[in-house]
Amino acid sequence: MQHLKPWSRPLSHVCSWPRIDRSALLVTVGDKVGFLARERQVAPPGWNRWLVPPAALAIHLSIGQAYAWSVFKTPLEKSLGITGTQSALPFQLGIVMLGLSAAVLGTTVERRGPRWAMLMSLIAFCSGLLISAAGVWAGQYWVVVLGYGLVGGIGLGIGYISPVSTLIKWFPDRPGMATGIAIMGFGGGALIASPWSTSMLTAFGATTSGIGKAFLVHGIAYAVFMSVGVLLIRLPSKEFTAEKAALLKDRPKANVAFNVSANNAIKTPQFWLLWVVLCFNVTAGIGILEKAAPMLVDFFKESSTPVAATAATGFVALLSAANMAGRFVWSSTSDIVGRKNIYRLYLGVGALLYLLLLTAGSTSTPLFVIAAMVILSFYGAGFATVPAYLRDLFGTYQVGAIHGRLLTAWSVAGVLGPLIVNAIADAGKKAGHVGPDLYATSFYIMIALLVVGFVANELIRPVDPKFHEPEAAGETGKPRAGDEATVAKWNEAEAADAAEKQDAEGVVKK
């Protein structure tokens, strides 16, 4: 037998140390501890379901800071020497990334669970604010775009959808109210962030140093606040299934006996009809919201009762309040009157209110303000009601993933609405138009879009049974037979997780 010298032998024969996959060890040991493991997110017996909406609010009130971006626009323009179009880009990219990340990561959010999703949202959103702070201090505008728009926008998308399916599972009897509470937080986030940001800029100064400090404080404070949601969120336990039957006893129409996977949902006409409904409802609302203050001033500039710029700022605050209130009031009402009927209100009455603004809006400031507030309440309510509408059509499992894909309608509307209103107003000014004439064409377009949305809503029917899952999906969100693509992806992910656990457990034992 040939004897090899020690230095000629493979190192694995000299040392019996196992090869360690450190990344797998960290992930799996973290799961063994249980903080991010899905099975450890399940609520213990007797868990109060009313603790879940505050967890969702902790996330949505934080990421709702995006609606207060306008506070930073003018200071950024002056301190970095950029244009108004450039200062709007971080916000616009953030909204686009919200829709894209929600669509791409929706299925992962369902599989990993709400705690994992909320933590990822915290990391991405708050990192975006910290990167923006560094970008402002360095005087680099594109770093702000990268931080707030790209990285922070991913946090917006994950955070927006993370509590939706969980809330619907906890409140099968009142899905509209439950999602309305959470999404109300996104609309109301600006009511907190706007005065807070203004006070910080006043204290720190509207310079690169002051703006950077404001972003830094935002990033740290929101990380702490969002952590409350990460710690509070829970999934319903198996014991809650029996309680669910009692909750639904007085609301038979609230029960959904079938489920549709995310991959199958986008194959249905119902999904795309609802996509049109959401896109055009948002387009009509954001068209006013984005240009609210100058629109009010322009409408009454040539009248006997012109509106001062300071009063127009108060108009913006009223619209934000209406946006927030509509998310809870109208979505809760949808639990009583039904989702299809409530969207008839949003779209049909919204079109009539736009017509009222065209014909009589310039005759009375209170009339203009009230009509605009109702339109904005429908705008916010459309966001809050659509998850419950999806639940009615496609069931509860993978509803978060379906919701994420539907939010691409928001990405389109976020560009389309401001583009229509601003482009037509700018063209009107060049042509010498003043007052309501600057907005007449864009208002007619909004009416047409709302009518198209109304028709799309009328065409929505129950989903064809051929798209239903052959076996009801469990609360874990694990796909069943009938959707081979989803099953394959799930099995691949499960196999990877199992391999990681096996490797890490072997390391720990050794």
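The values are calculated or read from the model by the stated rules, or taken from the named source; none is laboratory data. Not measured: the values here are computed from a predicted model. Here the Cβ is made from the backbone with ideal geometry for all residues, glycine too, and neighbour counts use every protein chain on show. Surface accessibility is based on the protein's heavy atoms, side chains included, excluding ligands, DNA and RNA. Shrake-Rupley method; radii C 1.70, N 1.55, O 1.52, S 1.80 Å.
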Residue pairs within 8 Å by beta carbon, gap of at least six or interchain, first lying in the stretch 192-213 and under 27 Å from MET324 (Cβ atoms) and modelled with pLDDT of 90 or more, second hydrophobic (A, V, I, L, M, F, W, C) and open to solvent by 70 Å² or more (accessible area, probe 1.4 Å), listed first then second, are ILE211/PHE204
Expected single match for modelled with pLDDT under 70 and either touching a strand residue (DSSP E or B) at 6+ places or on another chain (Cβ under 6 Å) or small (Gly, Ala, Ser) (or both) among ALA284, ALA245, ALA265, ALA292 is ALA245
Examine the stretch 103-117 for a residue that is aromatic (Phe, Trp, Tyr) and in a helix (DSSP H, G or I), and state whether such a residue exists.
-> yes
Which one is farthest from PHE171 (Cα to Cα) among residues in the stretch 219-241 that are open to solvent by 50 Å² or more (accessible area, probe 1.4 Å) and over 18 Å from the mean Cα position of the chain (by Cα)?
-> ILE220
Condition met for ALA488 (at pLDDT 55 or above and either assigned by the TED database to the domain that holds VAL277 or farther than 21 Å from ILE286 by Cβ (or both)) | yes
Report yes if LEU36 is in contact with a Phe, Trp or Tyr (Cβ under 6 Å, 6 or more places away or on another chain), surrounded by fewer than 20 Cβ atoms within 10 Å (Cβ to Cβ) and modelled with pLDDT under 90, otherwise no.
-> yes
Of the residues in the stretch 177-218 that are hydroxyl-bearing (Ser, Thr, Tyr) and more than 18 Å from the chain's Cα centre (by Cα), the one that is most open to solvent (accessible area, probe 1.4 Å) is THR202
Any chance the stretch 265-275 includes a residue that's in a helix (DSSP H, G or I), among the charged types (D, E, K, R), surrounded by fewer than 18 Cβ atoms within 10 Å (Cβ to Cβ) and outside the structural domain of LEU89 (by the TED database)?
-> no
Among the residues of the stretch 265-287, which ones are among the β-branched types (Val, Ile, Thr) and within 16 Å of GLN92 (Cα to Cα)?
-> VAL282, THR283, ILE286
Hey, among LEU76, LEU61, which residue is among the aliphatic types (A, V, I, L, M) and under 30 Å from GLY395 (Cα atoms)?
-> LEU61
Residue list for the stretch 66-85, restricted to those being part of a loop (DSSP other than H, G, I, E, B), more than 25 Å from the chain's Cα centre (by Cα) and within 18 Å of GLY147 (Cβ to Cβ) | ILE82
State whether one or more residues within the stretch 156-176 are touching a Leu at 6+ places or on another chain (Cβ under 8 Å) and either free of Cβ contacts under 8 Å to residues at least 60 places away in the same chain or open to solvent by 50 Å² or more (accessible area, probe 1.4 Å) (or both).
-> yes
